[in-house]
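Right, one structure below, let's go through it.
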Amino acid sequence: MKRTPEKKHTLPNHQKRHWVRLTRDCNLRCVFCLDKDAQDGTNIPFPAVVDDLQRGRDRGVVRVVLSGGEPTIHPDYLRIVSRAREMEYTHIQTVTNGKMFCYKNFLDQAVTGGLTEITFSIHGHTAQLHDSQVKMPGSFVQAMAGLTSALKIPGLIVSVDIVLSRLNVKHLPEMLEFFVGVGVREFDLLQVIPFGLAWQNNSGLFYDIEENLPYLRKAFEYSKRPDISLWTNRFPPKYLEGFENLIQYPGKLRDEVLGEAKDMFEAYLRQGKLMLCHGDRCRFCYNDELCQDFVRFKETGRLEAKKIPPCLEDWEVYADSENEPRPVLEMPGDPSKADPAKVVNFFIPYRYYLKSSQCARCRCNDSCAGAPVDHIRQYGFNSLKPIE
């Protein structure tokens, strides 16, 4: 008799967002800045920003995120917010270090112009902890002034994102307690990744996740509160056992591959030019497994779907899967037509598999790849029962 699984977490509706870069400049010098290599001190011209906004609307997207660099230092920032509203974006968000929003008039004009959500990037709960990471004295005071003012505006969505590194991971529970105390109810925890200044400063930023799990799991407990919304960004999902709702939406991998990195992946598949970031930094990267599949696909010309684990073969959702041929992605005869989108779209359902901590006790452990990421997000790691 086939088992009907009991869902642990339903898949959230993922509302499409259109990200629009306003600047290639910033008024901070964060030691972990992944965008530093793309910054040249310039602002995107207003007409080009409007064209980018229009591309989002042409795709039917009604939610836009204004980003940088630091978007608020664009000389036309307020004008851009107003134009986004005129173009019928119903949700206009910005990701900011908050320095400009300490000026109440600027904040009020942005909200009046149509801004509906502000995400403040603050990486400590004290001036010493935050300012030491952003390398600009007074930044914490300014960010907190903007944050507290924003929290008082009715209807404005206010959230905080925190880059997790060796510098602050042990303080994470205290940081969440502090921000909840001032009224914040939404958080995004961003794992430090090996790009830009973060890679240049890697010895002081990257940390042993297992060693710091007590601090991380204590912070993750906030996600169980009904009044708190908490997400992780680029955080390795294998460490989220018991917090499967925090596993990042897998579709984000498409944004990673098909965004500014698309040309790099195309050049590899079509011309054999190895990704610039390939090498020592791979072991620190959230996208490592996907990138290894790009290499495998290029070298062998094919990718095959992984098998459903034996412990799930009697589930209704996988009925008869072992009797059907596994899907295969093959390199086109003309390599110049190889498409990175096809690789990532194949990887997510058929290759992005995770194992439970219980799997080590299973007699199939050495030959089993685990379960699809969406299975784990829906039914939890505990759905994988070791075959003794």
- Query: How many lysine pairs does region 18-249 hold where the Cα atoms are under 22 Å apart and the two sit 8 or more places apart or on different chains?
  - Reply: 11
- Message: Can you compute 3J(HN,Hα) from phi for each residue in region 26-38, using the Karplus curve 6.51 cos²θ - 1.76 cosθ + 1.60 with θ = phi - 60°, rounded to whole Hz and x for Gly and Pro?
- Response: 8, 9, 10, 9, 4, 5, 10, 4, 7, 8, 4, 5, 8
- Sorted from fewest to most neighbouring beta carbons within 10 Å, what does the list Ile308, Ile118, Ile157 look like? Ile157, Ile308, Ile118
- Check Ser121: other-chain or 5+ apart residues with amide H under 5 Å from its amide H, H built from backbone geometry? Thr96, Asn97, Gly98, Asp161
- Note on the structure: For region 101-117, Karplus-derived ³J(HN,Hα) couplings (6.51, -1.76, 1.60; θ = phi - 60°; whole Hz; x for glycine and proline) come out as 6, 6, 8, 4, 5, 5, 4, 4, 5, 5, 5, 4, x, x, 5, 10, 8
- Query: Restricting to region 18-249, what percent of DSSP beta bridges are antiparallel, rounded to 5?
  - Reply: 5 percent
- Query: What does the charge count near Tyr207 come to, summing +1 for each Lys or Arg and -1 for each Asp or Glu among other residues with Cβ under 11 Å from its Cβ?
  - Reply: -1
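Nearest 500 deg cm²/dmol is fine: what mean residue ellipticity at 222 nm does the chain get from its DSSP H runs of n ≥ 4 alone, each adding -39,500 (n - 2.57), divided by its residue count? Numbers along the way, then the final one.
Working: 14 runs with 130 residues, N = 388.
Per the formula, -9500 deg cm²/dmol.
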- Compute the separation of the alpha-carbon centres of region 320-360 and region 262-317 and state it in Å as a whole number. 9 Å
- Query: Which of Pro335, Pro250, Pro325 moves most in a GNM of the chain, Cα contacts under 10 Å?
  - Reply: Pro325
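For Val257, Val81, what's the fewest-to-most ordering of other Cβ within 10 Å of each Cβ? Mind showing how you got there, number by number?
On the way: Val257 22, Val81 25.
In order of increasing Cβ crowding within 10 Å: Val257, Val81.
Are there any GluC sites (Glu not before Pro) in region 257-312 that are in a DSSP loop and have at most 15 other Cβ atoms within 10 Å? List them by number. All intermediate terms of the calculation are to be shown ahead of the outcome.
Working: sites: Glu260, Glu266, Glu289, Glu299, Glu304; in loops: Glu260.
Here the GluC sites (Glu not before Pro) that fit, given the DSSP loop and packing criteria, are Glu260.
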- Item | Percent antiparallel among DSSP beta bridges (both partners in the chain, rounded to 5) | 20 percent
- Message: Relative contact order of region 164-216, please, whole-number percent, based on alpha carbon pairs below 8 angstrom and at least 6 residues apart.
- Response: 62 percent
- Put in order of increasing Cβ neighbours within 10 Å, starting from the fewest, Val343, Val50, Val328 give Val328, Val50, Val343
- For the residue pair Cys364 and Glu186, what label-to-label distance in nm results when each label sits 7 Å from Cα along the Cα-to-beta-carbon direction? 4.1 nm
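So, R0 is 25 Å and r is the distance between the beta-carbons of Asp263 and Arg57; what FRET efficiency does that work out to, to 0.05? Present the calculation step by step, with values, prior to reporting the outcome.
Numbers: r = 24 Å, r/R0 = 0.98.
With a Förster radius of 25 Å, E is 0.55.
We did not get these values from a lab; they are worked out from the coordinates using the rules stated. Here the structure is a predicted model, which is why all the values come from computation and not from measurement. Heads up, the Cβs are rebuilt from the backbone with ideal geometry, glycines too, and the neighbour counts pull from every protein chain shown.
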